[in-house]
1. Mind checking which residues of segment 106-141 are among the polar types (S, T, N, Q) and surrounded by fewer than 14 Cβ atoms within 10 Å (Cβ to Cβ)?
2. Among the residues of segment 19-30 satisfying the criterion of being surrounded by 14 or more Cβ atoms within 10 Å (Cβ to Cβ) and either out of contact with any helix residue (DSSP H, G or I) (no Cβ under 8 Å at 6 or more places or on another chain) or of a type outside the set (A, V, I, L, M) (or both), which is modelled with the lowest pLDDT?
3. Is there a residue being touching a helix residue (DSSP H, G or I) at 6+ places or on another chain (Cβ under 9 Å) and at pLDDT 65 or above anywhere in segment 37-44?
4. Starting from segment 117-137, take each residue that is under 12 Å from L70 (Cβ atoms) and list its partners that are in a helix (DSSP H, G or I), counting only C-beta distances under 7 angstrom and pairs at least six apart or across chains.
5. Can you run down the residue pairs with Cβ atoms below 7 Å, 6 or more apart or on separate chains, where the first is in segment 1-22 and under 18 Å from M127 (Cβ atoms) and the partner is among the aromatic types (F, W, Y) and modelled with pLDDT under 90?
Amino acid sequence: MKLTLAVLAGVVGLIVTASAVMLIWFVMQQKQKMQNKPEELQANNHPEEGHGAEEQMQGSSPLQSIAPLLLQWTFFDYALIGVFAVGSLFLFTDVIAVIRDAASYPLYHYGYLLCGFVFTLLSMLFMILRFATVLSLVRSGRAFSAADKHSHPGETNQAE
């Protein structure tokens, strides 16, 4: 049973790590795409439009380029909350077991418990930091809103 749980925990850890790497990769792609955009604007520079686009790109923050990605709920968010919930459950049951029979556990087990609580606390702090970043983007109005395809009454699909 312990071997099965260890293998399952390893697979879940690999999946969560892969989702974190994919999220970072998507963010880097988005950032690279935004860096290439000013070059395209300069290549297609029109005299009356060039200065406004250039000023807009200089005034934008690094978070604005990844705002659409941050506003989406990703697999990494689900995985982070799931790992936090399951990990906290296992840690609390282990603490109860240590409280019941402290003599049968070696001293280094307390270090394992402390590390586990620190890691789960940090994971939730990162999730709170992500939510604070998204909320600050939304409140400041810098986040990109979804395209409103039905804003033009003449172009919507009419009922028959």
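1. S136, S140
2. Out of the qualifying residues, it is Q30.
3. yes
4. T133/L63; T133/L70; V134/L70; V134/L71; L137/L63; L137/A67; L137/L70
5. From segment 1-22, the pairs are S19/F75; S19/F76; A20/F76.
The values are calculated or read from the model by the stated rules, or taken from the named source; none is laboratory data. All of these numbers come straight from a predicted model, not from anything done at the bench. Ideal geometry is used to build each Cβ from the backbone, glycine not excepted, and the neighbour counts take in all protein chains shown.
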